[in-house]
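The values are calculated or read from the model by the stated rules, or taken from the named source; none is laboratory data. Because the structure is predicted, anything quoted here is derived from the model rather than measured. Ideal geometry is used to build each Cβ from the backbone, glycine not excepted, and the neighbour counts take in all protein chains shown. These accessible areas exclude ligands, DNA and RNA; they are computed on the full protein's heavy atoms, side chains included. Shrake-Rupley method; radii C 1.70, N 1.55, O 1.52, S 1.80 Å.
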4 protein chains.
Amino acid sequence: MLKIAIIGAGRIGAVHAKTVAEHPDAQLILVSDPFGDNAADVAACYGARSTKDVAAVFAADDVDAVIIGSPTPTHVDHIVCAVQSGKAVLCEKPVDLSMKRVDECLAAIAGKEDSVMIGFNRRFDPTFAEIRARVAHGEIGPLEQLTIISRDPAAPPVAYLADSGGIFRDMTIHDFDTARYFLGEIVEVSATGQTLDPAFRGSGDFDAAVVTLTAASGAVATIINSRHCASGYDQRLEAFGPLGMLEAVNQLATSVRYSGRKQSSADGPYLDFFLQRYAEAYRLELGHFIESVTHGTAPSPSILDGRAALVLSDAATRSARTGERVAVGSPSPRVAVPVR
Amino acid sequence: MLKIAIIGAGRIGAVHAKTVAEHPDAQLILVSDPFGDNAADVAACYGARSTKDVAAVFAADDVDAVIIGSPTPTHVDHIVCAVQSGKAVLCEKPVDLSMKRVDECLAAIAGKEDSVMIGFNRRFDPTFAEIRARVAHGEIGPLEQLTIISRDPAAPPVAYLADSGGIFRDMTIHDFDTARYFLGEIVEVSATGQTLDPAFRGSGDFDAAVVTLTAASGAVATIINSRHCASGYDQRLEAFGPLGMLEAVNQLATSVRYSGRKQSSADGPYLDFFLQRYAEAYRLELGHFIESVTHGTAPSPSILDGRAALVLSDAATRSARTGERVAVGSPSPRVAVPVR
Amino acid sequence: MLKIAIIGAGRIGAVHAKTVAEHPDAQLILVSDPFGDNAADVAACYGARSTKDVAAVFAADDVDAVIIGSPTPTHVDHIVCAVQSGKAVLCEKPVDLSMKRVDECLAAIAGKEDSVMIGFNRRFDPTFAEIRARVAHGEIGPLEQLTIISRDPAAPPVAYLADSGGIFRDMTIHDFDTARYFLGEIVEVSATGQTLDPAFRGSGDFDAAVVTLTAASGAVATIINSRHCASGYDQRLEAFGPLGMLEAVNQLATSVRYSGRKQSSADGPYLDFFLQRYAEAYRLELGHFIESVTHGTAPSPSILDGRAALVLSDAATRSARTGERVAVGSPSPRVAVPVR
Amino acid sequence: MLKIAIIGAGRIGAVHAKTVAEHPDAQLILVSDPFGDNAADVAACYGARSTKDVAAVFAADDVDAVIIGSPTPTHVDHIVCAVQSGKAVLCEKPVDLSMKRVDECLAAIAGKEDSVMIGFNRRFDPTFAEIRARVAHGEIGPLEQLTIISRDPAAPPVAYLADSGGIFRDMTIHDFDTARYFLGEIVEVSATGQTLDPAFRGSGDFDAAVVTLTAASGAVATIINSRHCASGYDQRLEAFGPLGMLEAVNQLATSVRYSGRKQSSADGPYLDFFLQRYAEAYRLELGHFIESVTHGTAPSPSILDGRAALVLSDAATRSARTGERVAVGSPSPRVAVPVR
C-alpha cells in the first residue's frame, strides 16, 4: 500500500486525490495547500490529513510518494525537496518555464532522476497508446507523418496566460511530448504563430499555431493548435505510414446521432475538456506511477522527457518569432525510443 | 447497335432516353407518348423519331427493343404487343397490380418469358450488388438476418396513391425484390401497417409499414417503410451473418461534414430521391438489358421475378389487414438462387 | 447514508457491491451468497459483513435496502421477504419467468409495490436516456417507428438457456422494457423466431428473433435479436418521427480508426459486453434507487414494469410458436407515460 | 454552340473530349496530337477531325476555343499561339515550370489575359465549392486555419518526376491554388520536404512535404502531402473558424460498410484517383469555361492564378531547401478575393 501525499488541492489535485482513493494499492495520507480550506476539504473526502504548510509533506515519515499539482513556479522546489526527503514524485507538466531552472533541478537531484515522473497524461490515453502500440507493431510500416490537431474549447483568462510562458510552453508542450512519444528524437522545429483574438495582440503570445517537427528518422510531425474551438475540446491524432494510417478521432459524450431536415448523421458534442477526455488517462498514469515506485523501476515519462518537451517549446517560440527553422542540437540524454 | 424505342415520355422515360443515348451499343430510334409534346420533346434531344400512337412502336421494323415506362395499367398490353411483334422488353415495375392480369400476360407470352426484363433497378445499385456479391462469396457466412430500411422523402399526392395498389404493391415491392435477391424463396410473410398521416385514414392504405419475411433457408428479412422522412430518401440495408455484417449506408450529395457549437461531425443531406440515388443503377440496368438482348441470354430480374414480388405484396397486404402470418405456398417457378 | 445488503455475490452482485461502495450516500453492510466464499470475498473488498444464510439479510436491523442479484427462481421469495421486513428492494430482471408467480408476488406485497425497483438498466444508459428526453421534448415530432437492434456477442451455454425461459423472457425482455419506455402501452405483438445454430434445434427455444410491437399510439417498434454477433455486443436503437431521427450507435472501446489497403475508416471493436456497455447505466440506476429510497418516492422501473415486460415476453413466445399476432389485452395498471 | 479543339490526346485529353461531347452547348471539332493514332482515336469517338500538326488547330477557322492538355513544356507556346489566333484557352496546370517563361507568356498575351483559364479543377469540386461558399456565407466566422491533406495513391515513375519540376510545382501546386481560393493573398511560405522512398534520395526532389502558408488576413494554411497512400487517393480539407469547422472527408466508391471480428464500421476504398474523385469537377470546370467564353466574361481561375500558384511553389521549394521562411513579396495583381 503506497502512502501518497498531494501538494496543491486545486482542480487537478482533487482529481488525483479521488484517483488515489480509488486505487487498490494506494492510500491518500496527506493533502497540502496554502490557500483557505482547499486542503482540508479534499482531505476530508478521503479520510486523509491536511496541512497548509508544504514542509509538513516532506517531513512526514508515513509518506512514500508525492503528487505535485501546485502552480508551475513551485514545481522545482517541491521536486527537489521531495526527492531529497526520499520520496517518489509525480509532477504535473511543465517542470518549469525556465530551462535554467530545470537544469538546476536536474543538478540538485542528480543520480535520483528516476524518482521523478512527469504528468504527460496523454501517453496513458488508451486511444493514443493503442495507436502507438500498433505503430510499434509495424501495422502501418515506419511512421512517416504524424498530424496532431489539438484545440481547447476556449482560451483561459488573460491573467492566467500572462504567467503561462506562452502557448508553446503551456499548451503545445503536451503535443511536443506526444510527438516525441511517437517519433523519438526531434532535430528541427519550425513554428508559425497566430494572434487571432485581439486580446492577444501585443501580448507577445499567440492564440493559435502550427508547428512542424522533423525527427531524426526523417519523419515529420505537424501540430495544429488553437486556444478556442466552437465544437469543444478537439483532440485528434493521425499516424501515417506506407502501409496505412491510424487515427484518433474525437470522443463524444454519448453515442446519439441525429438526422433531420438539414443534416444527416450529426453526432453530439465532444467530451467536455481534459478532465473528461483524459479521465482514464489520469487513472492509468497514476497506476503506472504506483507500479514503478512499488517495483523500483524508472517511471516514464521521466523528468528528462519533461526537459526535452521544454527544449521543443523554446525552439518553437524562437522559430515563431524569427521565422527561422531551429535546429535542436543536443538531444536529450535518454529520449523515448522512436517507434519504427 | 441495339435500336431502342421508349414507351412513355414522362420522368422515367426521359431518364431512360438519356441513358440509351449515352450507351455506346444502343441507339434511341423512337419515343412514344400519347400526351402533348412529351414524345417529341424527348425525341428531339437525341435525334430520335416520335409518335403519339403506341402501335407505331410495335410496327416499327427498325426497333429491336422496347423500354416501357408508361402508366402501370398499360404495362401488360404493351409487354404482350411488344413480345408478339418480336421485340425485347424492359418494363418498369410492377408488371401489374392484379395477379390475374400478370398471369394472363404470362400465358400470352408463354415460351418467350426470356424476352422480358423487369426494372427492379436496385439490383444494379453498385452498393447493394457489392454486398450481395460479398455475401455470396461467404464473407459473413450464411445470411441470417436482412434488414431493409426504405423511406421516401415525402408521400406522393393522394390522387396518385388511390391507383397505386397500396404501399406494399407500390413502394415495398422494390424491397420485396431486394429480399428475394438476397434470400431466394420466401415462405412466410407477416406485415404491420401504420396510418400516421390523417390523410391516409379511411383510404384502406398505409403510409408506413413493417414486414417480416421468412425465407426457406430460415433467414428472416425485416423491411421498415415510411412514406415520409425528414432527412430525405433513407435507403439502408444490413446483411447479418455469423461472421460479420455488411451495411449499405445512406449516400450523400457531397462529402462536407460540419462541426459547430451543438453538433460535431454533421453530414449533409442524402442524395435527393431515386433518380439521384439510383442514377448509376439505371445505367447498369440498361447495360445488362442491352447485353442480354445482344447475346441472346435471359435477362434478370425476369418477368417471373416481377410476379414473385407481387405475390409477396399481396401476402403483406392480407397480413396487415388480418393480423395473420401468410404462408406463400407456391414458389415462383424460377426464383433467384438464394445467396448462401 | 443508506445501508445496503446484496443478495447474490456472482458477477452482477460484484458490480453492484463496487457501485454501492463508490456511492457517496450509500454503505455496503452485508453480502449474502450460499455458495463457497463468494459472499466473504466480495464483502472483504469493501469492509462489509457476509453470510451464507439469506435470512440474516432480512433480519438485519442495520440494513435499509436490499439489492437482489441471485438466480431468477429465488427473486420472488427474496422480494417478498425483504418487503415484509421493511426493506426497499432493487431486483435484477426478470421478476420471475412465470406470470402466476409474479402475480403471487404482487399480491404478497400489495400496497408496498413502491418499495420495489426492477433493474432494467438500459433506461439509465445516458445515450438511450438522452434520446428519450429529446423525443419527449418534441425534437423529432411524435415517435412513429422505433427500431431496436440488440445482439449478444455469443450464446450462453445450453445448460444456462434450459432454465432461461427462452429468448423472449431472457434476452428480449430488456428490449420490451425499452420499447415500453419509449412507446408506453403496447397493444399487439407479432414475433418470428429463428433457430440458426443446430444446438438450438429441438430445444423449443430460438437463437434469433424479430418482434413487431404496435403501441396504442399507432407507433410500431421492431426488435431484432440474435444470440451471436461477430463484431461483439451490438446495441443500437433508432427513434424515427416526422421531424427527424435519433439513433444510438454502437460504442467503441477506443476511438482509434484505421485505414489501409483494403479498408478506409475502420473503427475498432465495440465495448465488450453488458458490464462494459452499461457500466454508467448501473451507476445511474443505483443512484436513482438510493435517491428514491432516501426521498420516499416511487422508483422506476417499478415491479409493474417488470410484470408488463413479462406480458410482452409471453405474448411474443406465443406469437412465434403459432404465427398469430397476439393482442395484449390488459394493460399494466401504471405503464410508463408514452413519449409523445 | 461553342466549337472546341483539344491539343493533346492523352489521358486528360480523352477526359476533356468526352466532357465536351456530352455538353449541350459545345461541339468537339478537332483533336491534335503528334504521336501515333492518339488524335484520330479520340476524334473518331465523337465525330471530330484530327491532326498531328498543332498548327492546324490555330489555323482552323471553325475553332472558337482550345483545351490544352499537352505536356507542360508546350503550354506557353500553345497558349500564345491560340490567343494570337483569337481563340479562348483552357490550359491544364501548370502554365510552365519556369517563372520566366510564364512572364514571357503574360507579356505575349498582354491585354488578352481574360482569354485564358487554367485547369485548377479542384475549385469546381462540389464538396470544396460548398465549403468555400459556406465559409463565405459566414457559417464558421472568419477562416482561421485551413488544413489540406492531399496524398496520391502511388508515386509516378521516376522518369516522369525528373521533368516534373519537383513535388511543389507538380503536386502541391493544386493545394496552393486551393489555399489561395480560400485565403486570398499569401504573404509567407514555410516548407519541410521529406525523402522517404530511397528512390528519391539524391534526386533533389521530395516525396512528401508539409507546407505552412500565412495569409495576409493572418489565417494559416497547412498542406500535408505524400506521393503514396496505402488507402488510396487521400483528399481532405478542413476549414476552421471561431464558429465551427467544415471538413471535406474522403469519398468512397460505394457506401458499403463492414463489421466483423476485428473491425466495426469499416468503409470501403476511396474513389480511385483524380479522374474518379474529380470527375464532376472536370464537368463543372468545362461548363464554366464554355459559359465564360459564350458570355464574354473573364474565366476563373485565370492565368494570373496560374502564375500565383507557381510563385508559392517556387517559394516552397526554396524554403524546403534553405530552412527559411520565404516572404512572398509581390502579390499577384488580381488575386482571388479572400473568403472572410
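Couple of notes before you dig in:
- Among (1) open to solvent by 50 Å² or more (accessible area, probe 1.4 Å); (2) more than 19 Å from the chain's Cα centre (by Cα); (3) closer than 30 Å to C:Phe273 by Cβ; (4) more than 14 Å from chain A (Cβ to nearest Cβ) - the single one C:Ala82 does not satisfy: (1)
- Members of the range A:229-262 that are of a type in the set (Phe, Trp, Tyr), touching a Leu at 6+ places or on another chain (Cβ under 6 Å) and touching a residue at least 40 places away in the same chain (Cβ under 8 Å): none
- Between B:Ile118, B:Ile140, the distinction of being in contact with an Asp or Glu (Cβ under 8 Å, 6 or more places away or on another chain) and among the hydrophobic types (A, V, I, L, M, F, W, C) belongs to B:Ile118 only.
- Matching residues in the range D:228-261 - criterion: being over 26 Å from the mean Cα position of the chain (by Cα) and open to solvent by 10 Å² or more (accessible area, probe 1.4 Å): D:Pro242, D:Leu243, D:Ser255, D:Arg257, D:Tyr258, D:Arg261
- For the range B:171-199, taking the residues that are open to solvent by 10 Å² or more (accessible area, probe 1.4 Å) and free of Cβ contacts under 8 Å to residues at least 40 places away in the same chain, the one that is farthest from the other protein chains (Cβ to nearest Cβ) is identified as B:Pro198.
- Scope the range A:213-223; condition facing chain D (nearest Cβ under 8 Å) and open to solvent by 10 Å² or more (accessible area, probe 1.4 Å); matching residues: A:Thr214, A:Gly218
- Count of the range A:53-75 residues, restricted to those that are over 27 Å from the mean Cα position of the chain (by Cα) and assigned to a loop (DSSP other than H, G, I, E, B), is 3.
- Residues in the range D:138-188 that are among the aliphatic types (A, V, I, L, M) and over 17 Å from D:Met245 (Cα atoms): D:Ala154, D:Ala155, D:Val158, D:Ala159, D:Leu161, D:Ala162, D:Ile167, D:Met171, D:Ile173, D:Ile186, D:Val187.
- Residue under evaluation A:Ser50, criteria (1) outside any strand (DSSP E or B); (2) farther than 28 Å from A:Ala309 by Cα; (3) modelled with pLDDT of 95 or more, criterion not met: (1)
- Restricting the range A:163-177 to residues that are acidic (Asp, Glu) and farther than 12 Å from A:Ile224 by Cα, the residue that is modelled with the lowest pLDDT is A:Asp163.
- Residue check, D:Ser115 small (Gly, Ala, Ser), modelled with pLDDT of 95 or more and in contact with a His (Cβ under 8 Å, 6 or more places away or on another chain): no
- Filter result for the condition that a residue is β-branched (Val, Ile, Thr) and assigned by TED's automatic domain parsing to the domain that holds B:Leu252, over B:Val76, B:Val135: B:Val135
- Taken together, B:Glu285, B:Glu238 contain a single residue that is within 14 Å of another protein chain (Cβ to nearest Cβ), within 18 Å of B:Arg122 (Cα to Cα) and modelled with pLDDT of 95 or more, which is B:Glu238.
- C:Ala209 vs. criteria within 17 Å of B:Ile224 (Cβ to Cβ) and under 20 Å from the mean Cα position of the chain (by Cα): yes
- Selection of first residues in the range C:280-292 that are in contact (Cβ under 8 Å) with a residue 60 or more places away in the chain and over 19 Å from A:Ser255 (Cα atoms) and of second residues that are open to solvent by 10 Å² or more (accessible area, probe 1.4 Å) and among the β-branched types (Val, Ile, Thr), restricted to Cβ pairs under 6 Å at least 6 apart or on distinct chains, gives the following pairs, ordered by first then second residue: C:Leu286/C:Thr19.
- Strands (runs of 3 or more DSSP E) fully within the range D:196-313 counting 3 or more residues that are touching a helix residue (DSSP H, G or I) at 6+ places or on another chain (Cβ under 7 Å): D:208-215, D:220-226, D:234-241
This table checks each residue for (1) surrounded by fewer than 20 Cβ atoms within 10 Å (Cβ to Cβ); (2) within 30 Å of D:Ser259 (Cα to Cα); (3) out of contact with any strand residue (DSSP E or B) (no Cβ under 6 Å at 6 or more places or on another chain); (4) among the aromatic types (Phe, Trp, Tyr).
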site: B:Pro71; (1), (2), (3), (4): yes, no, yes, no
site: B:Asp96; (1), (2), (3), (4): no, no, yes, no
site: B:Glu104; (1), (2), (3), (4): yes, no, yes, no
site: B:Asp114; (1), (2), (3), (4): yes, no, yes, no
site: B:Met117; (1), (2), (3), (4): no, no, no, no
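- Filter result (within 20 Å of the chain's Cα centre (by Cα) and either within 11 Å of chain A (Cβ to nearest Cβ) or open to solvent by 10 Å² or more (accessible area, probe 1.4 Å) (or both)) within the range D:133-156: D:Ala133, D:Leu146, D:Thr147, D:Ile149, D:Arg151, D:Asp152, D:Pro153, D:Ala154, D:Ala155, D:Pro156
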